[in-house]
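In what follows, a single structure is set out as structure tokens and then discussed.
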Amino acid sequence: MSGSNPYPLEPTAEEMRAMGHATVGAIERFIDGLPFAGAADLDGAFELAGELRERAPEEGMPFEQVLDRVVMASQKAVNNSGPGFMAYIPGGGLYTSALADLLAGGFNRYVTFAGMAPALAQIESTVLRWLCDIFDFPQAARGVLTSGGSMANFSAVVAARQAKLGEGLAEGMLYTSQESHASCAKAGYLAGFSKAQVRLVPTDDALAMDADAFAAMVAEDRAAGRRPFMVTATAGTTNTGAIDPIARIGEVARANDMWLHVDAAYGGPFCLTPYGRALFAGIDRADSITLDPHKAFFLPYGIGALLVRNGTQLHDAHHVPAGYLQDLDLEEDLVPNMSEYSMELSRSFRGLKLWLPVQLHGMAAFRSALEEKLELARYIYDEIRDAPGFEVPLKPALTAMAFRYIPSSGDVNAFNQRLLDRINASDRIFLSSTTIRDQFMIRTCVVSHRTHHDRVEEAVRVVKAAARDLAGRPA
Ligand SMILES: *Cc1c(COP(=O)(O)O)cnc(C)c1O
């Protein structure tokens, strides 16, 4: 910063413009370069991390220098924003959503009390309503935008606990499948339940929750005097995209006065497509749904959502009045105070991250991008399934798929670990692995808005070539 400004914490208009241009320029170069960038660049990354272990500088340095350090640190990473990233659950990060983050920070309005900025608070409510509309949730539904799916699952347990158990946690029982995301069980533990109170229901051949086993567990627990109060079904598991039988699980839940939560962190947005709607039958009757717009809505990290059918139940579980907030504590039916539905009081204006891109591109753009991802996953499935030596245990319901190669001799798990390393050494695609029924599996997951047919075709070529090379050599 130039020495002439006596208040360096507030840059001049000219300085703001220069820094803004430099920042947007850096992002532009980064995104433009993504199709050509390697799938990962971790050479020297931990050395760089070491250089950043430093004391806070007493004197500031020029913006370009600081920006360079950020760009460099960002470079030394797994390229999760690029088209070749098909590991875990990708989320490409829409540029237009990053601009929303900049605007939100730049204006720095307080949006968790409607009275502070009614129209901006309404933008958050409108975004939540759009998400509710995907699942035909009633007008009485309310929701919160969280930092991610894990926090949404946590708030769901808190709401369910309050609605079904009140203060008496001791006998409460929660159920989720063995294939559910770790955050489902973790949410139960953090909400005050013991390991024994969180039961993991076995899965069927398709790795979806076994609804009969679930019903049997509930009956057994009730007979023993325990109080089953919540079940978390998954609409698109993280491992394989398996979809639990939501309608059947819902029937059991309703018959036993239990809360049905659906973790649709990964799968939810696919409900925008006719194919997804049919797959998720019964989700419209859920008590609550978790979504993760930083996955299949392609937004940058930092936005999850919890939708609750009966908004009053979410409010009851989270509203604690405070004297210093009494001026603001006026619940306006149409523009809710988000802090009354959430653990969080002050937070960033997350809603803009989704609102701005949807305003700009329209929902149709999201729907067709998701249709494209489904097609790409089908292409990968057809190609790998038909390739000699490969085994694909499950046809992908969504866009995640696990596979492995069966070598003619030697340890299958060890072979596939080497195969994964070899695939990732291509530096064009980046895949991850998982364990399914004690077997090491390689996993592909197409979600990024930047992954198109050309890269998926290349991925298939890389995978087949790596297996051929490796199988041709003695293990
Ligand atoms: C990713 C994911 C989560 C956790 O979401 P975060 O945003 O990473 O906290 C929960 N459930 C499912 C099914 C997921 O895929």
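Values quoted throughout were computed directly from the atomic coordinates according to the rules given, and no laboratory measurement underlies them. Everything quoted here is computed from the prediction, not taken from an experiment. Ideal geometry is used to build each Cβ from the backbone, glycine not excepted, and the neighbour counts take in all protein chains shown.
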* Kindly work out what percent of the DSSP beta bridges joining two residues of the chain are antiparallel, to the nearest 5. => 55
* Asked: How big is the chain by Rg and Dmax over its Cα atoms, in Å?
  -> 24.1, 77
* Of the options ALA119, VAL446, LEU103, report the single residue whose Cα projects farthest towards the positive end of the charge dipole of the chain (beta-carbon charges: Lys, Arg +1; Asp, Glu -1). => VAL446
* Calculated on alpha-carbon atoms, Rg and Dmax of the stretch 363-432 in Å -> 14.5, 50
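Please sort by residue number the trypsin sites (Lys or Arg not before Pro) in the stretch 1-73 whose DSSP state is loop and whose Cβ has at most 13 other Cβ atoms within 10 Å.
On the way: sites: ARG17, ARG29, ARG53, ARG55, ARG69; in loops: ARG53, ARG55.
Sites meeting the loop and neighbour criteria: ARG53, ARG55.
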* On each of the three principal axes of the Cα atoms of the stretch 398-462, give max minus min coordinate, whole Å, ordered largest first. => 37, 24, 16
* Asked: Using the Cα atoms as the points, what is the convex hull volume per residue of the stretch 308-465 in Å³?
  -> 194
* Karplus 3J(HN,Hα) series, Hz, for the stretch 338-346 with 6.51 cos²θ - 1.76 cosθ + 1.60 (x for Gly, Pro) -> 4, 5, 7, 10, 8, 5, 7, 9, 7
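Report the full-extension gain for the segment ARG437 to GLU28: residue separation times 0.36 nm, less the Cα-Cα distance, to one decimal in nm.
Details: separation 409, 0.36 × 409 = 147.24 nm, distance 4.35 nm.
That pair, ARG437 and GLU28, stretches by 142.9 nm at full extension.
Write down, largest first, the equivalent ellipsoid semi-axes of the stretch 229-382 in whole Å, where each equals the square root of 5 times an eigenvalue of the alpha-carbon gyration tensor.
Working: eigenvalues 186, 100, 28 Å².
Working from the Cα gyration tensor, I get semi-axes of 30, 22, 12 Å.
Using unit Cβ charges (K, R positive; D, E negative) and no other charged atoms, how large, in debye to the nearest 20, is the dipole of the stretch 1-92 about its Cα centre?
Details: 6 positive and 14 negative charges, 59 e Å.
In total the dipole reaches around 280 debye.
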* Relative contact order of the stretch 145-206: what whole-number percent is it, with Cα pairs under 8 angstrom and at least 6 residues apart? -> 38
* So which trypsin sites (Lys or Arg not before Pro) in the stretch 395-460 pass both tests, a DSSP loop state and at most 13 other Cβ atoms within 10 Å of the Cβ? -> ARG437
* **Among ALA281, ALA170, THR203 the positive-end extreme of the charge dipole of the stretch 135-286 (Cβ point charges)** => ALA170
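What dipole magnitude, in Debye to the nearest 20, does the stretch 342-405 give about its Cα centre under +1 on Lys/Arg Cβ and -1 on Asp/Glu Cβ? Before the final figure, lay out each step's value.
On the way: 9 positive and 8 negative charges, 73 e Å.
Dipole magnitude for the stretch 342-405 comes out near 360 debye.
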* To do: Take each of the peptides 199-211, 144-156, average the number of other beta-carbon atoms within 10 Å over its residues, and list them starting from the highest.
  => 144-156, 199-211
* Where a Cα-Cα gap under 16 Å defines reach, which lysines qualify for LYS295, not counting those fewer than 8 residues away within the same chain? -> LYS353, LYS373
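Please identify every one of the GluC sites (Glu not before Pro) in the stretch 87-189 that sits in a loop by DSSP and has no more than 12 other beta carbons within 10 Å of its own beta carbon. Mind showing how you got there, number by number?
Numbers: sites: GLU124, GLU167, GLU171, GLU179; in loops: GLU167, GLU171, GLU179.
Answer in residue order: GLU167.
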* Distance from the Cα centre of the stretch 165-212 to that of the stretch 355-373, in angstrom? -> 34
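Summing -39500 (n - 2.57) over the DSSP H runs of n ≥ 4 in the chain and dividing by its residue number, what mean residue ellipticity at 222 nm do you reach, to the nearest 500 deg cm²/dmol?
Per the formula, -13500 deg cm²/dmol.
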* Structure fact -> Total charge of the residues flanking PRO293 in space, meaning their Cβ is under 11 Å from its Cβ, with Lys and Arg +1 and Asp and Glu -1, is +2
* Of the options LEU34, ASN416, VAL24, report the single residue whose Cα projects farthest towards the positive end of the charge dipole of the chain (beta-carbon charges: Lys, Arg +1; Asp, Glu -1). => ASN416
* **Three-way shape call for the stretch 1-95 based on the alpha-carbon gyration tensor, with the a/c threshold at 1.5** => oblate
* To do: Mind putting a number on the dipole of the chain about its Cα centre? Charges go on the C-beta only, +1 for Lys and Arg and -1 for Asp and Glu, and I need it in Debye to the nearest 20.
  => 980
